[in-house]
Amino acid sequence: MTAADKAVTAAVLVIGNEILSGRTKDVNLGFLAEQLTALGIRLREARVIADLEADIVATVNETRARYDYVFTTGGIGPTHDDITAACVAKAFGVALVLDERAVAVLTRHYQPGQLNEARLRMAHVPAGASLIDNPVSAAPGFQMGNVFVMAGVPSIMQAMFGGLKQRLVGGPAILSRTVSGFIAEGTIAAGLGALQDRYGQLEIGSYPFFRQGRFGASFVLRGTDAAAIAAAAEELRTLIRELGAEPMEAEPL
């Protein structure tokens, strides 16, 4: 395998008690998964963790050592429970500092007298971090090593990611093909497992559904080899027919 063929991997850390309590429904993970896939970056892990210093520090250190990129959302606002920046600084063993670049951004954004102590909390970043622009509400995120720290509010996070993604270097494009059929997973499981064994370079997933009063499943083939995906998809269609169903290229409504 050449360097150009190496899979580029990532983890997403969703930080916030409000997510774990169910009060806030996370939508950031789905957005990041789609964006990273489009860039040729494989999202290998996602975690939702509480606003607890020890947990955040440990998780940041574990994932930044394991994956090429780590993306965090949440915990960089102006209130006492926004502790992500301080935790990332502790994970990297550096001080949390008042960043003059961030102060300048906030000074331009707020009216005179509005940049109070609470809002200045959002100008503190780990020493040595580079800023991530926030075109929505000004308060920046930051990058520390391979860790990208972003806001939890979806519109702000998405704007931040739009500005930082040119910093990312992806691997080979991740391709996919979906074949569906009104066939029970238990019926096709053995044949599908054998297909996966024959195409070890692909990820073949089975996703059941209930439509039109019938059970079925969609089978998604993912990988970087277009020829292998096409060949596996043809074998899958043949398998579905042999088992008495008609293959479809999309999940039925």
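Every number here is computed from the coordinates shown, using simple stated rules; none is lab data. It should be emphasised that the depicted structure is a prediction, and the values quoted were computed from it without experimental measurement. Methodologically, a virtual Cβ is constructed for each residue, glycine included, from the backbone with ideal geometry; neighbour enumeration extends over all protein chains shown.
Listed by chain and number, the aspartates and glutamates whose C-alpha is less than 14 Å from the C-alpha of Lys90, apart from same-chain residues fewer than 8 away, are Glu53, Asp55, Glu62. Between the Cα long axis of helix 154-164 and the first principal axis of the chain there is an angle of about 90°, rounded to the nearest 10. For region 175-242, the relative contact order is 43 percent, taking Cα pairs closer than 8 Å that sit 6 or more residues apart in sequence and dividing their mean separation by the residue count.
For region 167-253, compute Rg over Rh where Rg is the Cα radius of gyration and Rh is the Kirkwood radius from the inverse mean 1/r over Cα pairs. Could you put the intermediate results ahead of the total?
Numbers: Rg = 13.6 Å, Rh = 13.4 Å.
Expressed as Rg/Rh, it is 1.02.
The tail of the calculated P(r) for the chain, taken as Cα-Cα distances beyond 25 Å, holds 54 percent of the pairs.
Using Cβ point charges alone (K and R +1, D and E -1), the dipole size of the chain about the Cα centre works out to roughly 280 debye. On C-alpha positions alone, give me the angle between the axis of helix 185-198 and the longest principal axis of the chain, in degrees, nearest 10. The helix 185-198 is inclined about 80 degrees to the chain. Between Val97, Val125, Val88, the residue with the greatest mean-square fluctuation in the GNM of the chain (Cα pairs under 10 Å linked by springs) is Val97.
Packing, taken as the mean count of other beta carbons within 10 Å per residue, orders the peptides 163-174, 11-22 from highest to lowest as 11-22, 163-174. Listed values for region 19-29 are Karplus-derived 3J(HN,Hα) couplings in whole Hz (6.51 cos²θ - 1.76 cosθ + 1.60, θ = phi - 60°), namely 6, 5, 7, x, 5, 10, 8, 6, 10, 5, 4, and x replaces Gly and Pro. Close amide-amide hydrogen proximity is noted between Asp99 and His124, Val125, each under 5 Å apart and 5 or more residues distant or on a separate chain (H modeled in the peptide plane; Pro and chain starts excluded).
Helix 100-109 and the longest principal axis of the C-alpha atoms of the chain enclose an angle of approximately 90°. In plain terms, the residue of His124, His80 with the fewest other Cβ atoms within 10 Å comes first and the most crowded comes last, giving His80, His124. Distant-in-sequence amide contacts of Gly40, defined by a placed amide H-H separation under 5 Å and a gap of 5 or more residues or a different chain, comprise Ile174. Taking 13 Å as the cut-off, the amide N atoms of region 99-119 that come nearer than this to a point 7 Å along the Cα-to-beta-carbon line of Ser137 belong to 119.
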